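Engineer: Encoded as structure tokens, here's the structure I'll be asking about.
The values are calculated or read from the model by the stated rules, or taken from the named source; none is laboratory data. Note that the structure is predicted; figures quoted are calculated from it, not measured. Positions of Cβ are backbone-derived with ideal geometry, glycine not excepted, and every protein chain shown enters the neighbour counts.
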Amino acid sequence: MASEVLTSIPLTSLPRIAKGKVRDLFALPDGDKPTLLFATSDRISAYDVILKNGIPTKGAILTLISAKWFEVLASRVPGLKHHFLHLGPPPSSGLTQEEEQMLRGRSMTVRRLKIFPIEAIGKLSFPLWGSSAWTEYQKTQTIHDLPQPAGLAQCERLPKPIYTPSTKAELGDKDINISPDEARKIVGDKYASRIEELALACYNAGAAYAEERGIIIADTKFEFGLDEETDEVYLVDEVLTPDSSRFWSKTDYEVDKQVLRNWLTENGLKGKDDVEMPAEVVEKTKARYTEVFERLTDNSLEDALKKL
Ligand code: ATP
Ligand code: MG
């Protein structure tokens with residue numbers, strides 16, 4: 001496991017097909033089905049802006065948490081298909097030894113699919129503050145246009161988890177909250193119901209599993225893709241990580257990137273470019289990501305990294 005913090009993935013042996021806020025995607029040589037090397041950097045973004053410095057080990061933490069979830073969800077959600085094939089690159093992918101070393105723990109081989117342009121969000125509670133859903137609820141007693149009971153307090157559980165999609169913005173743009181009906185218009189009737197059904201099933205199964213381990217998943221974002229040959233909808237991307245979810249500890253504090261969000265807001269840096277996190281924020285964020293990893297996988301991070 002390479003110990004340096006990687007805010008970029010300098011890999012040249014494979015064609016890079018996309019670069020997101022946190023991940024770089026590389027095409028793998030063709031097998032039966034198109035596959036990708038899904039490489040996770042140590043970059044962190046908050047309020048849609050990437051911070052200048054990264055969080056040590058974050059790429060591996062996110063990758064290993066997602067891999068665990070693919071296994072857990074496949075066993076708990078009947079009929080679920082997902083893109084995960086295995087950790088790391090395939091055996092003869094043409095990477096140099098240095099590249100393999102650099103990627104250790106932070107990459108996985110996945111099926112390459114056609115991504116639906118919506119974010120399929122499952123929500124059980126309002127985030128603490130600064131949430132667009134909370135602002136909407138206060139105005140109209142709805143969330144993403146879905147009517148809700150009166151008198152809900154912030155952080156209070158909703159009567160049941162709901163599906164609150166958003167658009168999937170291009171790099172640099174903001175996702176916009178939409179109603180399930182609007183999501184239906186974007187992806188088409190045929191796939192909208194399946195995506196909603198899978199998002200809620202994965203959310204419910206994940207929330208139950210996490211709650212057994214002392215973590216409340218207040219909300220989370222899933223992405224889905226289509227296998228155009230078989231016409232089947234797949235769970236893709238990262239899954240139920242502290243980047244894509246709001247995790248609250250059942251007993252004390254929030255175990256996601258709230259430390260970073262709070263620091264940005266308190267210092268008037270929310271949404272600003274080129275912001276460098278002080279060592280204390282880096283450390284606290286790393287500690288929280290590590291705590292989530294350890295609680296969700298029933299494994300110490302140190303041991304898991306040694307085994308790679
Ligand atoms: P955010 O996660 O906040 O939306 P981002 O879209 O910039 O940010 P990254 O996580 O950095 O995301 O990059 C991952 C990219 O890979 C996303 O655009 C996602 O849609 C895409 N992706 C995920 N799984 C697959 C897959 N199986 N096939 C093709 N593309 C995928
Ligand atoms: Mg992403």
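Engineer: Which of the following residues is touching a strand residue (DSSP E or B) at 6+ places or on another chain (Cβ under 9 Å) and free of Cβ contacts under 8 Å to residues at least 12 places away in the same chain: A74, A27? Spell out the reasoning first.
Structural biologist: On the way: A27 fails: free of Cβ contacts under 8 Å to residues at least 12 places away in the same chain.
Of the residues listed, the single one that is touching a strand residue (DSSP E or B) at 6+ places or on another chain (Cβ under 9 Å) and free of Cβ contacts under 8 Å to residues at least 12 places away in the same chain is A74.
Engineer: If you check every pair at least six apart or on different chains, which have Cβ atoms under 8 Å apart with a residue in the range 221-239 that is over 17 Å from L85 (Cα atoms) first and a residue that is within 12 Å of ligand 1 (Cβ to nearest atom) and among the hydrophobic types (A, V, I, L, M, F, W, C) second?
Structural biologist: K221/A120; K221/I121; F222/A120; F222/I121; F222/L235; F222/V239
Engineer: Does any residue of the range 287-308 turn out to be more than 16 Å from ligand 1 (Cβ to nearest atom), aromatic (F, W, Y), within 16 Å of the chain's Cα centre (by Cα) and not in a loop (DSSP other than H, G, I, E, B)?
Structural biologist: First, pick out the residues of the range 287-308 that are more than 16 Å from ligand 1 (Cβ to nearest atom): 287-288, 290-308.
Checking which are aromatic (F, W, Y) leaves us with 293.
After this cut, where a residue has to be within 16 Å of the chain's Cα centre (by Cα) as well, the list is 293.
Subsequent filtering for residues that are not in a loop (DSSP other than H, G, I, E, B) retains 293.
Checked the range 287-308: at least one residue is more than 16 Å from ligand 1 (Cβ to nearest atom), aromatic (F, W, Y), within 16 Å of the chain's Cα centre (by Cα) and not in a loop (DSSP other than H, G, I, E, B).
Engineer: Ok, one more. Yes or no: T220 among the polar types (S, T, N, Q) and farther than 30 Å from R112 by Cα?
Structural biologist: Against the criterion (among the polar types (S, T, N, Q) and farther than 30 Å from R112 by Cα), T220 does not qualify.
Engineer: Now, a different point. Looking only at the range 207-246, filter to residues that are of a type in the set (D, E) and within 22 Å of W134 (Cα to Cα); which one of those is farthest from ligand 1 (Cβ to nearest atom)? Talk me through it step by step, then tell me what you get.
Structural biologist: So in the range 207-246, the residues of a type in the set (D, E) come out as 211-212, 219, 223, 227-229, 231-232, 237-238, 243.
Keeping just the survivors that are within 22 Å of W134 (Cα to Cα) gives 219, 243.
Numbers: D219: 14, D243: 7 Å.
So, considering only residues that are of a type in the set (D, E) and within 22 Å of W134 (Cα to Cα), the one farthest from ligand 1 (Cβ to nearest atom) is D219.
Yes or no, residue by residue, for (1) over 18 Å from the mean Cα position of the chain (by Cα); (2) away from ligand 2 (no atom under 16 Å from the Cβ); (3) within 25 Å of A153 (Cα to Cα); (4) aromatic (F, W, Y):
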residue: G214; (1), (2), (3), (4): yes, yes, yes, no
residue: A218; (1), (2), (3), (4): no, yes, yes, no
residue: F224; (1), (2), (3), (4): no, no, no, yes
residue: D227; (1), (2), (3), (4): yes, yes, no, no
residue: E232; (1), (2), (3), (4): yes, yes, no, no
residue: V236; (1), (2), (3), (4): no, no, no, no
residue: V239; (1), (2), (3), (4): no, no, no, no
residue: K250; (1), (2), (3), (4): yes, yes, yes, no
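Engineer: Please enumerate the residues belonging to the range 22-52 that are within 16 Å of ligand 2 (Cβ to nearest atom), at pLDDT 95 or above and in a loop (DSSP other than H, G, I, E, B).
Structural biologist: Within the range 22-52, V22, S41, D42, R43, I44, L51 meet the criteria.
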